[in-house]
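Engineer: Dumping the structure here so I can ask a few things about it.
FYI, it's all coordinate maths here, none of it is from the lab. Note that the structure is predicted; figures quoted are calculated from it, not measured. Cβ: placed from backbone, ideal geometry, glycine included. Neighbour counts: every protein chain shown.
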Amino acid sequence: MRPRKALGKTITSSKSRHHCTVVFATTRPPPLLELDDFPQAELSTREQDVIFDETRMAMHPENSGSEKKILVEVEHTTNGAGTPGGTEENQTGEGQVENGRTIEENRSDELRTDLGDDTDGIFNNGCNQQDMHALLNFKQGVTDPSAVLSSWTTQLDCCHWKGVICSNITSRVTGISLPCSTTPPIYRDEEDKSHCLTGSIRLSLLLVELEFLEYLNLRNNDFLALQFDYLHNHNCHNLSIPTSSHSQCVNSSTLRHLDLAANWNLVISSLQWLPYISTLEYLNLCSVDLSEETNWLPLVTKLSSLSVLNMCDSKLKDLSLSLQYANFTALQVLDLSGNEFKSELPKWLFNLSSTVYILDLSYNSLMGHLPKDLLNLRELEDLVMYSNNFDGPIPDWLGDFKHLKALILAANMFSGSIPTNLGNLSTLITLDVGFNTLTGVVSKRNLAKMSKLKSLCISSYSTLIFDFDSDWTPPFQLEELALKFSNPDLPAWLYTQRSIESLTIFESSFEAPHRFWNFVSSVIELILQGNSIVANMSNVLLNSTLVILESNGLKGCLPQLSPNVVIGSLLNNLLSGELSPLLCGHNVSNGKNNLLFLDISLNNLSGGLTNCWKNWKSLVAIHLGNNNLSGKIPPSLGFLSNLTSLHLHENNLHGEIPLSLHNCHSLLIFNVRNNRLSGNIPDWVSHGVLALQLRSNHFSGKISPQICEMSSLIVLDIAQNTISGHIPSCLGNIKTLLFNNVSRHKLSFQFPSAVPNRNMKTDDSLELVTKGQVLQYGKNLHFMTLIDMSSNNLSGTIPPQLFSLIGLHSLNLSNNKLGGEIPNEIGNMKNLESLDFSTNQLGGKIPKSLSRLSFLGYLNLSFNNLTGKIPSGTQLQGFSVLSYMGNHDLCGPPLTKSCFPDDEHNNRELVHEDGNQFKFLTWFYIGMESGFVTGFLGVCCIFHSQRREGVMKLRRREDDGEVLTSNVSSDELNI
């Protein structure tokens, strides 16, 4: 996945190449909810045609003269990176049922039929023993946590093993299809792959021993290595290591389709082995780490039969600019999106001898003008250059393409006007030129002949004027429209579009009368963000599955939501009134609502939270912060057993948190900061909670040890309350904070959209106090680990066990009554970035181990009773005097108060050449008692007698009185 820049919460969509790409720029006020693009999630029609065209002959032995059949698997619902611009998700869950059977079972049967695998056929003679042993050897290198390969036993014919496809004539294995199905979770950014296959892919073994293997799909698993360890040939090694003997390992490969995409942790350091699989027609290595392979292009061009090449999100850096020609003789689909190319387009791209239909170079850092040599790819159907650094005008010669279906140039640095010549693209389905610095006028001339247009996205960071006749009727019927314009009104032709499924308007100004809301009631996705809209929402009924109406200045009372609404966000408007009309109306009492996500933050709502939440049991996330809501938290919230995120911050709520919320077993984020809530800290919160934010309330009592059982906790914020007692030592047992790899998942929601091939995503966010300032954490929230107990009445000492939380980034215990010394164990917190112990009663010396915290960027130990010298080291000396002020007995840099040399400097020894060591008193503690003169004269005698014997060894002596140094003058000693 390739998320764009976001502010606060984000909504993203996973979509195909024939959808607009919608990304919102920062507005004033900045939008807290954005729509962002993810690349397509399915094989394009052209890509399917390429595969089927090339394999149709092989599928029929009577035509090809071959008994072998190739498996062609097209997973329309799979988000595997195996598609051009593909993402890593698969929207098909393993448990989903279709016609009484799982989708995986139905699909497996379809695939077997495609291969001609009919086990009841008269030609089937059972599994070949050589193939069976090869498969069992392959299984040995695989870790199978969910027993996917449980059927791979000698007790069952291997042609009946899961994922194994055999020819119905020869019974030889011709295909292996073991993609892992993962369902995007509702509240995490990435799917859980703990059930997927992992370990090593023993590719050479399969290619050598399965001599009829044509299809291999291991997409979306969690393999870690690609190995070549064929047992009978010791010259074959790891495929990451180039060797001249690979040709001996693979000399008769029949493999045509290889898909290893979306194995995110798979690193392939070398592709030297690739040319030996010379029969490949389809290669998919998307989301596999190829960063160490700098010579990838010459190696891939040796595959003379290659038709589809997908190497998106593979960390490639070199486009071989010096190469004039790339010997792709059969290539039709080229996807290199999401890599790290930082150059102009290479010349070899324009000199391809094959007929390329799809070219996707999006999500790179390519630069320069688009060269006219692109017209050499005259059969091009999809040109996708989204999110690069191309500049200059959009070339008018793009209108000369005869077969172009998708032209996506959004999120670049193009300037000037949109050329009218683009209006000649009569075959165009998708036109996306948004998020550039385009100027000028857009009129019907730009769209005149686009009768097949389905997706249109036009926006600019500059001034773009729409100049359409009020009676103009476009020749197209759009399914998706995204606009940003400078006109004061909506274009009149909008109302002629009767097939729109997704409508996005942002950073524009217009009036929205009842006609507009009636028109959008049939739209599946309605996104209005950062606009200035004149509208009263009091009598509006919202009917879209996705409703994003953010930062538009909307007024009136809350609108009504139909049961069709799944995601509803009205944040950052001027809406007023109470929640009751929305939540307790007669139209919601039947409990048939489908609402999962509700955000009405940053409005002027008043009144109570109502007690009608039992009508909304489907809710997963509730955001009602930054309003004027009052009263108590209603018990009916306990009916929301699926609730994972609850934000009620910055309102006027009071009373205790109801015990009924213990029924919210799925709760992960609980944010009630800045209210007037009271009582004890709730100890019934789910053990799986990730963030508990109770700061700035009236909570009292002691910290319950039950908080220590919240093993997944990454944010504990109970600051600015009246909590008393000791800090529980068991806090050092919070499992998530014991390690540095706190969370690999972002705290975000994903919802399937009613529009095909989309996933909607919104990031959760929290406002946290760290490093001496208030910071908003959204997309990076999962990286932040924090404990803030500041401004309470905590007493006692700081338990050393607390410093075993080496994954903690921010620790704030300031403004309490903590005493004792700072434990030396604090040096264990290697990842600590912010530490605040200020305004307590801590004493003793600052531990030297504190100077080892190399990531520490903020330190405040002020106003305690710390003593002695600040430990040496650039880390602690780099902080200002404000970090240490109010500790009267502290000395040393960065303070101006000087210290006397410490022990390691005072116990200096001087050795005479004959080996005798002598000692001398260099520091004096001089008292006012009568023995002063005697003691001093004795020292002088020692000095006089020992100076004749050579170099002396120094020592320190302590006595009552003032501290002096050995350099004190005779005047200062009153001699």
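Engineer: What are the residues whose amide H is under 5 Å from the amide H of L266, where those residues sit 5 or more places off or on another chain and H is modelled from the backbone?
Structural biologist: Under 5 Å from the amide H of L266 lie the amide H atoms of D289, each far enough along the sequence or on another chain.
Engineer: Determine ³J(HN,Hα), in whole Hz, for all residues of the stretch 679-691 in sequence, where each value follows from phi through the Karplus function 6.51 cos²θ - 1.76 cosθ + 1.60 and θ = phi - 60°; x replaces Gly and Pro.
Structural biologist: These are the phi-based 3J(HN,Hα) values: x, 7, 4, x, 9, 9, 4, 3, 5, x, 4, 9, 9 Hz.
Engineer: Are there any GluC sites (Glu not before Pro) in the stretch 250-306 that are in a DSSP loop and have at most 15 other Cβ atoms within 10 Å? List them by number.
Structural biologist: Counting only loop positions with at most 15 other Cβ atoms within 10 Å, the GluC sites (Glu not before Pro) in the stretch 250-306 are E292.
Engineer: Rounded to a whole number, what is D in µm²/s for the stretch 439-557 from Stokes-Einstein with the Kirkwood radius over alpha-carbon pairs (20 °C, 1.002 mPa s)?
Structural biologist: Estimated diffusion coefficient is 145 µm²/s.
Engineer: Let me ask you something else. Pop out the ³J(HN,Hα) list for the stretch 290-295 in order, Karplus 6.51 cos²θ - 1.76 cosθ + 1.60 with θ = phi - 60°, rounded to Hz; leave Gly and Pro as x.
Structural biologist: Listing the rounded values in order: 10, 4, 8, 8, 8, 10 Hz.
Engineer: Kirkwood Rh, Cα Rg: Rg to Rh for the stretch 582-689?
Structural biologist: Ratio of gyration radius to Kirkwood radius for the stretch 582-689: 0.93.
Engineer: Give the peptides 145-152, 807-814 in descending order of average Cβ contacts within 10 Å, highest first.
Structural biologist: 807-814, 145-152
Engineer: Out of the trypsin sites (Lys or Arg not before Pro) in the stretch 601-633, which ones are loop residues according to DSSP with at most 15 other C-beta atoms within 10 Å? Mind dumping the intermediate values first?
Structural biologist: Numbers: sites: K614, K617, K632; in loops: K617, K632.
Answer in residue order: K617, K632.
Engineer: Around P371, with a cut-off of 15 angstrom between Cβ atoms, what is the net charge of the other residues, counting Lys and Arg +1 and Asp and Glu -1?
Structural biologist: Within the 15 Å Cβ shell, the charges total -2.
Engineer: Cβ under 11 Å from I718's Cβ, I718 left aside: what net charge do those residues give with Lys, Arg +1 and Asp, Glu -1?
Structural biologist: On the way: positive: R673, R695; negative: D717, D788.
The answer is 0.
Engineer: If you don't mind, another one. Treat every Asp and Glu Cβ in the stretch 463-586 as -1 and every Lys and Arg Cβ as +1, leave all other atoms uncharged, and give the resulting dipole magnitude about the Cα centre to the nearest 20 debye.
Structural biologist: Result for the stretch 463-586 is approximately 320 debye, rounded to the nearest 20.
Engineer: Mind listing the long-range amide H neighbours of L842? Cut-off is under 5 Å, sequence gap 5 or more, other chains count too, H placed in the peptide plane at 1.01 Å from N.
Structural biologist: The answer is N865.
Engineer: Any chance you could list the semi-axes, whole Å, largest first, of the equivalent ellipsoid that the Cα gyration tensor gives for the stretch 802-890, using √(5λ)?
Structural biologist: 18, 15, 12
Engineer: Okay, moving on. Rounded to the nearest whole Å³, what is the per residue volume of the convex hull around the Cα atoms of the stretch 316-425?
Structural biologist: Per-residue hull volume (Cα only) is 86 Å³.
Engineer: Would you mind checking K632/K817; K342/K779; K484/K555; K771/K817; K405/K444; K315/K402 for any pair whose Cα atoms are more than 28 angstrom apart?
Structural biologist: Over 28 Å apart, Cα to Cα: K632/K817; K315/K402.
Engineer: Please report, in whole Å³, the volume per residue of the convex hull around the C-alpha atoms of the stretch 397-490.
Structural biologist: For the stretch 397-490, the hull spanned by Cα atoms encloses 86 Å³ per residue.
Engineer: Through the Karplus equation 6.51 cos²θ - 1.76 cosθ + 1.60, θ set to phi - 60°, convert the phi angles of the stretch 797-806 into ³J(HN,Hα) values in whole Hz; use x for Gly and Pro.
Structural biologist: These are the phi-based 3J(HN,Hα) values: 9, 7, x, x, 4, 4, 8, 7, 7, 6 Hz.
Engineer: If you add up the charges near I524, with Lys and Arg at +1 and Asp and Glu at -1, over every other residue whose beta carbon is less than 12 angstrom from its beta carbon, what do you get?
Structural biologist: In short, -3.
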